[in-house]
Structure formats: C-alpha cells, structure tokens
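Novice: There's a structure below that I have some questions on.
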C-alpha cells in the first residue's frame, strides 16, 4: 500500500511538472511576438534535416489517427477485455477520446494560425495528433510494463516510444505544426497518461 502511494505521488509530480512546462509554452505563444518567426526557422531546419525516405512515413502515421484511433483502440480494448481488464479498457478509450475536446478547446482559445503555406484546416496549437499519440501510446507502455514480462515488454515499450517520436516528427515534416505545438501536445498527453495511471492504481487498491 505504501509503495502504491509513493508511485502515485510520483505521477502527481509528473503532472505538476508537465503543467508548468505546458503553461510556460502557452504564455510564450500568447505574449512572445517573435516566437512565430523562431518557430518557423526551427521548423524549416528540421524539415531540411529529415532524410528523404521519411517522406513516406507521415502519411502512413497520419492514417493511424483517422477517426480518433478507432481501429487501434478497438484492437487494444479487445485484448484487454479478453483478459477481463474491463476498467483498464474503458479508461484507455475514455482518456484517448478525451484528448480531442481538450485540444479543440485550447485551439479555440489560443487561435494560433498554422505555419505559412499550410492548407490543413483548423488552428495549430496544440497538436492534437501529438496529444492523442502520447496519451494512447503512453498508456499502452504503462499497460505493457504492468502485464507483460521478458523480451516483449522491452520490445513493445521501445516500439511504442519510437512511434510517439515519429508522430511528433511527422507533424513537423508535413509542416502542419510548429515545434511548440508538438511539445504542448506531448505535455498534455503526458498529463492524461499519468491521470490514467493514478486512477488505475486507485481502483486496483479497492479491487
């Protein structure tokens, strides 16, 4: 019991740190007029650095997020339900879907225009793709480390972690988001992951 309380305190610490960094980025976006130019220069440099073969990945990665992770959620939820982890499946779907209204509310408040030349609809800040990817894949990493042991634990953790990075890079490569948009999406998603972990541990103690 004491160990669970300690790990929950760590998760709350992660949430606090993420909130601080997320709030700092929001303030920068709102009150630093030169940030857009800085972000544009960083975006241009990143797109110049990425290798040519990477041009095939963004489209594939973006397809995964179509319909708000419908198929990945169905597969992941089905696996959890088949092992009778009903609450974990419900919370996984709930938090992943929650990422959409959260990002949309912030987008409508900040109203940041997308990078110059981008015809993608909607506002830029934060990146919903990054928020949802961090939330969904971050929760999967937690579940993998909770239920799986040996080689597959390390393999799946590395795979899902790599996909989170690729999601961020794909939004930059496509030129639909600035780096600060992607970072904000990551911090928001990380907050949801830790809230999931806290709730999962809370209900596990009472099972």
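The values are calculated or read from the model by the stated rules, or taken from the named source; none is laboratory data. All of these numbers come straight from a predicted model, not from anything done at the bench. Note that we place each Cβ from the backbone using ideal geometry, even for glycine, and neighbour counts take in every protein chain shown.
This table checks each residue for (1) surrounded by fewer than 11 Cβ atoms within 10 Å (Cβ to Cβ); (2) at pLDDT below 90; (3) not in a helix (DSSP H, G or I).
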| site | (1), (2), (3) |
| --- | --- |
| 61 | no, yes, no |
| 66 | yes, yes, yes |
| 77 | no, yes, no |
| 98 | no, no, no |
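Novice: Would it be correct to say that residue 87 is part of a helix (DSSP H, G or I) and closer than 21 Å to residue 167 by Cα?
Specialist: Answer is no for this residue.
Novice: Every residue in the range 6-39 that is farther than 30 Å from residue 200 by Cβ and buried (at least 16 other Cβ atoms within 10 Å of the Cβ), please.
Specialist: 29, 35, 36, 39
Novice: Still on this structure, I have one more. Does residue 161 fit the bill of being closer than 21 Å to residue 21 by Cα, assigned to a helix (DSSP H, G or I), at pLDDT 95 or above and within 16 Å of the chain's Cα centre (by Cα)?
Specialist: Taking the combined requirement at face value, the residue does not satisfy it.
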